[in-house]
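See below for the structure under consideration.
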Amino acid sequence: MLEISQSNPEIAEALSIKSDKNGVYVNKWYIKVRSAEVVGKVKKHFDIIDIVTKKVLVADLFLYEAALAIVRYLNTNKLLTSPEIANILFLEKKYTQSSIDALLHKRNMIKAQRDKNEEKAFYSESRYKDSLHKALKLESDIKGILKISLI
């Protein structure tokens, strides 16, 4: 099993991951899961914590995949300021904003429909779909980075 894990990074990572009720340990990093309210909805947030120093390195990520990709790069001795990690943080920030925008526009759309304001409902629905599409595209981009971050 040791030989297989040395030649296959996925297996090596799987063997090194340990979880508890609040998060996941990946080598010398801890991905802490928190719940917080965002635009009236409870959403999961992820923090990356250095196990040795107990310092939060990155806080309030919306995507677990972004946190795991960052941790994978950190485990290869990349710095937080490396182009790879900076790109993930940039995409994750855009994802977060698009997700929040989608939640706001959806809420406005529902309110406008309830108030029988067709023009505002149409506008809000259009903005909701646009924001949701952006968020899903960014999520897909981050998941793609996660796949290549293990190679």
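Things to note:
- Residues in segment 105-140 that are surrounded by 14 or more Cβ atoms within 10 Å (Cβ to Cβ) and among the acidic types (D, E) were compared, and the one that is farthest from L91 (Cα to Cα) is E125.
- Conditions (1) in contact (Cβ under 8 Å) with a residue 24 or more places away in the chain; (2) assigned to a helix (DSSP H, G or I): number failed by S140: (1)
- Of all residues in segment 57-76 being free of Cβ contacts under 8 Å to residues at least 60 places away in the same chain and assigned to a loop (DSSP other than H, G, I, E, B), the one that is surrounded by the most Cβ atoms within 10 Å (Cβ to Cβ): F62
- With respect to the conditions (1) over 24 Å from G144 (Cβ atoms); (2) of a type in the set (S, T, Y); (3) surrounded by 13 or more Cβ atoms within 10 Å (Cβ to Cβ), S35 lacks only one, and its number is (3).
- The listed residues are Y128, Y73, Y95, and the only one of them that is among the aromatic types (F, W, Y) and under 24 Å from I17 (Cα atoms) turns out to be Y73.
- Qualifying residue in segment 43-51 (condition: assigned to a strand (DSSP E or B), aliphatic (A, V, I, L, M) and touching a residue at least 40 places away in the same chain (Cβ under 8 Å)): no
- Segment 1-49, subset β-branched (V, I, T) and more than 19 Å from the chain's Cα centre (by Cα), residue modelled with the lowest pLDDT: I4
- Hey, K54 part of a loop (DSSP other than H, G, I, E, B) and on the phi > 0 side of the Ramachandran plot or not: yes
The values are calculated or read from the model by the stated rules, or taken from the named source; none is laboratory data. These numbers were taken from a predicted model, which means no experiment stands behind them. Note: ideal-geometry Cβ built from the backbone for every residue, glycine included; neighbour counts use all protein chains shown.
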